[in-house]
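The structure appears right after this line, and notes come after that.
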Amino acid sequence: MLKLASVTSSLALVLAAALPCAAADGARDMLGYTASSAAAEVALEQRFDAALDPAHLREWLRQMSSQPNHLGSPHDKANADFVLQQFKDWGWDAHIETFDVLYATPTERVLELVAPTSFKATLDEPAIAEDSTSSVREHMLPPFNVYSADGDVTAELVYVNYGVPEDYKELERRGISVKGKIAIARYGQSWRGIKPKVAQEHGAIGCIIYSDPRDDGYFQGDAYPQGPFRSEQGAQRGSVADIPVYSGDPLTPGVGATKDAKRLKREDAPDLLKIPVLPISWGDALPLLKAMAGPVAPEHWRGALPITYHLGPGPAKVHLKLAFDWKLTPAYDVVATLRGGEHPDQWVLRGNHRDAWVFGASDPLSGQVALLEEARVLGGMTKNGWKPKRSIVYLSWDGEEPGLLGSTEWAETHADELKKKAVLYVNSDNNGRGFLEMGGSHSLEHVLDQIAGGITDPETGVSVLQRRRARFAVIGSEKDANPQQKEMAKAALDMQRDFPIEALGSGSDYTPFLQHLGIASVDFGYGGEDRSGDYHSVYDSFDHYVRFGDPKFEYGIALAKTVAHTVLRFADADVLPLRAGNFADTVAHYDEELHKLDDSERETAEKTNRLLADKAYQLAADPTQTLLPPPAPQAVPFLNFAPLDNAVARLQSSAAAFDRAYAAQLQADRPPDPAAAQKIDTLLQGLEQTLTQTAGLPGRAWYEHMIYAPGLYTGYGVKTLPGVREAIEQKHWDVAEKYVARVSTALDAYSARLDQARSLMPER
Ligand SMILES: [Zn+2]
């Protein structure tokens, strides 16, 4: 505690000294602006803030979450029509774009224990008195995993923990296979689609995913309705499409799902499973797990249920029968534009999905209503004579929950125009009480830190950036902090540098823009004080949200400010506010990590082979238990990183020169020559695209970004320099070297574009 105390006091001193809420002096050194245009921008943002009203968020949330509003439901369409009309009333040029996407809804779900005893799973989330919408049953979809295969299977259960590849190595060492079995996994640690995918790869004929109370139930805190955490019958719906291969409509990878689009046959869609999978509550999982025997699960596999966790196989045997109504379903994206006055063909995009699994008060409507309030105020400002320099496009997405369908189909349909015109995509999703979370392209890091430094945190009165720094500093100074947390704590205390933003993996609608089209993107959200267990449940309701999510909607307002200031900062900048140095330093850090990864893989292999040679695993094992030695790892070669190291060095020098010239041209308080500024903007608009390669990543060409991607076996979690990093992790050395070359080519293209832009900036 002491250490913590001393750190906290010095941190508070440092932060308080350096970072009073910077709104007032936000004009100084505002990236992309001269001193006078910055002052005007600050005034505009303050005018925007003053017009925001949390009562609107509350009322829209109550209305939009009053009925089930999943893709294809009547209330989802009603919400789309409502949003369209609002935009029109507020002076936006708005329309709905419809895509016909493959969707599946359950017609039959049966899960029963048939041996050694019998039990029929309820597979339902009951209505409760304390939650008024939980009894609104018409059109409600029960717990299911969309894009599970139809199936009727009976087999013994095998407990696979989170069901990620590492877990199967543990099972293998215990001589346990899921071949011809049904795998039961707990939610958490990865995108849910990874669990049935890996089970299928290991020969399982079915998969069950349950919510263990250790992850989001009574182990975390009081269950609903007493508290926010998942109750005994609470279940998590969700897609199991293999999104790390491509997002969007399963039948039209890479092209928009328009009426006349060429569609794959369902059986040929590479992101669809061949086995049935079903999500259940811990209330339904308990009798199944209780009926299992076999080896006791390793300690870190054990959840919080009142049982001894066994691995099986069996004797618990279950019958799982699922059938679905597969059909093309309309997805309604609402698209609204405020046309720019000076650069109408430069588009600042801002999106949030609107479709839910049931009522979706938190996910996604808490973010959707912030988007609407931004649009209301921006519309009002145009009626009072303000006109953005660049065009602003607001997007209310449909079909995000099944697989980022609405955003991906729109991005694929307009790919060519977006690559020419989109300068930024700003995303949000669910939102709640707590800390600012932001991830994105690192060329945005400096301007995002400036923006966050000007937003006041509703609970503490300091800037949301200061709170973000304080949080990371405290987490990283805890005794059990991991190396990444320690590193972030160091950055949090270093006031001379911007506070890092996260790299983006997947899990929301930025993926098609950033990782498929190469458009600079940012994802915002507040949270961390609103932890709960309502995710994708019937209990993600208005009643739950106003108690545990953001009771005063003050973080909805904080989100509206954070997003709209970013949109305005880009829409009205003299020159697009990018800083290349932050990106260059970040990539240099990733390059270092890859060197370390290659070295640590080599050390681990050598150590394992030594222990194998010494028969250490057999000697260390309890002979009455089955625990085989790990397979002998192959020797890890020294990879040739030189092309990458050189490209990084070139990037750092180009970035430094670019940032110097960029700063100099705006220092003199006169706007740059319009023609030169236009050319520079055009180069900066396409800067992020230089990081894409049409060949894409190994085995997944849809993912073209060479720096950021969701992991093939994480789904959500990011892999940076993914082509090289995952090849090293999977011991595909030739692929690793191939992608060292491809990443280097991308970085060189980025450096060349910076040099080009700098050459247009007059020497000062
Ligand atoms: Zn969402």
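The values are calculated or read from the model by the stated rules, or taken from the named source; none is laboratory data. Keep in mind that this is a model prediction, so the values were computed, not measured. Don't worry about glycine lacking a Cβ; one is built from the backbone with ideal geometry, like all the others, and counts go over all protein chains shown. For accessibility, only protein heavy atoms count, side chains too; no ligands or nucleic acids. Shrake-Rupley method; radii C 1.70, N 1.55, O 1.52, S 1.80 Å.
Tabulated data
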read-out: Accessible carbon and sulfur surface of the stretch 460-604 relative to its total accessible area, %, 1.4 Å; value: 50 percent
read-out: Backbone HN-Hα couplings from phi across the stretch 513-520 [Karplus 6.51/-1.76/1.60, Hz, Gly and Pro as x]; value: 6, 6, 8, 9, 9, x, 9, 3
read-out: Per DSSP, loop GluC sites (Glu not before Pro) in the stretch 680-764 with at most 10 further Cβ within 10 Å; value: Glu763
read-out: Ranked packing of 616-623, 303-310, most packed first, by mean Cβ within 10 Å; value: 303-310, 616-623
read-out: Euclidean distance between Cα centres, the stretch 682-744 to the stretch 549-569, Å; value: 32 Å
read-out: Extension reserve of the Gln226-Lys265 stretch, reckoned as 0.36 nm per residue once the Cα distance is removed; value: 9.3 nm
read-out: Separation of alpha-carbon centers, the stretch 456-504 and the stretch 231-295, rounded to whole Å; value: 36 Å
read-out: For Leu404, solvent-accessible area (1.4 Å; no DNA, RNA or ligand), Å²; value: 10 Å²
read-out: At most 15 other Cβ within 10 Å, DSSP loop - trypsin sites (Lys or Arg not before Pro), the stretch 696-754; value: Lys731
read-out: Accessible surface, the chain, averaged per residue in Å² (probe 1.4 Å); value: 37 Å²
read-out: Angle in degrees between helix 733-759 and the longest Cα principal axis of the chain, rounded to the nearest 10; value: 20 degrees
read-out: Cβ-Cβ FRET estimate between Leu612 and Asn482, R0 fixed at 30 Å, reported to 0.05; value: 0.60
read-out: When the chain is reduced to its Cα atoms, the Kirkwood hydrodynamic radius in Å; value: 27.2 Å
read-out: The stretch 125-179 versus the stretch 310-361: alpha-carbon centroid distance in Å; value: 19 Å
read-out: Neighbour cut-off at most 13 other Cβ (10 Å), DSSP loop, trypsin sites (Lys or Arg not before Pro), the stretch 233-300; value: Lys259, Lys262, Lys265, Lys274
read-out: With Cα atoms, 0 to 90° folded angle of helix 35-50 axis to the chain main axis; value: 50 degrees
read-out: Accessible surface of Thr258 - all protein chains present, 1.4 Å probe, nearest 10 Å²; value: 40 Å²
read-out: Shape category assigned to the stretch 104-327 from the gyration tensor of Cα positions, a/c cut at 1.5; value: oblate
read-out: Nearest-ten-degree value, helix 366-383 long axis tilted from longest Cα axis of the chain; value: 20 degrees
read-out: Bridge type composition, the chain - antiparallel percent by DSSP, nearest 5; value: 60 percent
read-out: Distance in nm between pseudo-label sites at Thr626 and Glu554 (7 Å out along the Cβ direction from Cα); value: 5.8 nm
